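The values are calculated or read from the model by the stated rules, or taken from the named source; none is laboratory data. What you see is a predicted model, and the numbers here were worked out from it, not measured in a lab. Cβ sites come from the backbone with ideal geometry, for glycine too, and all protein chains shown count toward neighbours. When the accessible area is computed, the model is the full protein with side chains, heavy atoms only, and any ligands, DNA or RNA have been set aside. Shrake-Rupley method; radii C 1.70, N 1.55, O 1.52, S 1.80 Å.
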Amino acid sequence: ELDLIDRANHIFNAAVEAVHAKGKPGMLGRDLMHIGISAMWDAGGDLDSTFSINFGEVPAQNPILASICLNKPIKEGEIATMTAHSHYQHYAGHSDQEIAFGDPNPRHAAMFESVKKVRAAVLSVVRAGATQRDLVDAYRAACGDSGFQTSDHSQIHQYGLDVPEFPGVAYRIDDPGDGKGLGGAGNFTLTTGMVYSISPTVVDEATGDLMLGGTSLAVTDNG
């Protein structure tokens, strides 16, 4: 199963690489959609794989914005946010990626550096025996250190055959915190073999800019 999920994630990688190589200012959003989903199919993705992309001067991510972007031309300096539910033999891959069309402005570059640091802080906590609360607390603390705000959009959840996918009740435990930010499954203990999408989001409260960066991983005893 882990091999199939890994293959599904590489199918999303094919879309990212294709958009990076072929996307340019002046194209319409639907052109990018065509490039991305075609690359996923060419890489062996199931036909029900989905690929979403939105872009603008203020980086963001939501399905409504992605629909609006279909007939919008890309401008120099805009940031695109891509996400996918890529599927291979019915197993899912899931992550997010940002692309700048041209050189990003200094604010966006600084935000993405913070995304990488926040993501590293969360990943350092992932191992069998940790809890979902441990991961969310690491995210909140790292955002506080970065100077940017957290977001309810931030993704720290499991997946496998579906996106997201949650553990059974046998894994659920009491939450010592307020329950906020844990996701639909509440608090639970991580176990070897669980598959996660970890895509921390940072927000510039003054400008509304939202930046994120995804990672897919399998939990092990040591990390």
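Please state which of the following conditions Val118 fails to meet, knowing it meets all the rest: (1) buried (at least 21 other Cβ atoms within 10 Å of the Cβ); (2) assigned to a loop (DSSP other than H, G, I, E, B); (3) not basic (Lys, Arg). It fails just one condition, (2).
With the condition kept exactly as written, say whether any residue in segment 47-55 is without any contact (Cβ under 8 Å) to a residue 60 or more places away in the chain and of a type in the set (Phe, Trp, Tyr).
yes
So which of Ser199, Ser151 ends up being within 14 Å of the chain's Cα centre (by Cα), surrounded by 13 or more Cβ atoms within 10 Å (Cβ to Cβ) and under 26 Å from His87 (Cβ atoms)?
Ser199
Rundown of residues vs (1) open to solvent by less than 30 Å² (accessible area, probe 1.4 Å); (2) not basic (Lys, Arg), yes/no style:
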residue: Glu1; (1), (2): no, yes
residue: Asp6; (1), (2): no, yes
residue: Ala15; (1), (2): yes, yes
residue: Arg30; (1), (2): no, no
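Output yes when any residue across segment 159-169 is open to solvent by less than 70 Å² (accessible area, probe 1.4 Å), closer than 23 Å to Gly23 by Cα and out of contact with any helix residue (DSSP H, G or I) (no Cβ under 9 Å at 6 or more places or on another chain), and no when none is. There is no residue in segment 159-169 that is open to solvent by less than 70 Å² (accessible area, probe 1.4 Å), closer than 23 Å to Gly23 by Cα and out of contact with any helix residue (DSSP H, G or I) (no Cβ under 9 Å at 6 or more places or on another chain). Taking strands (runs of 3 or more DSSP E) as the structural unit, those lying wholly within segment 1-109 and holding at least 2 residues that are among the aromatic types (Phe, Trp, Tyr) correspond to 50-56. Residues of segment 64-113 that are open to solvent by less than 40 Å² (accessible area, probe 1.4 Å) and of a type in the set (Asp, Glu): Glu78, Asp96, Glu98. Checked against the criterion of being over 20 Å from Ala92 (Cβ atoms) and of a type in the set (Ser, Thr, Tyr), the candidates Ser154, Ser146 yield just one match: Ser146.
Out of Arg133, Arg127, one residue alone is open to solvent by 60 Å² or more (accessible area, probe 1.4 Å) and either outside any loop (DSSP other than H, G, I, E, B) or charged (D, E, K, R) (or both). It is Arg127.
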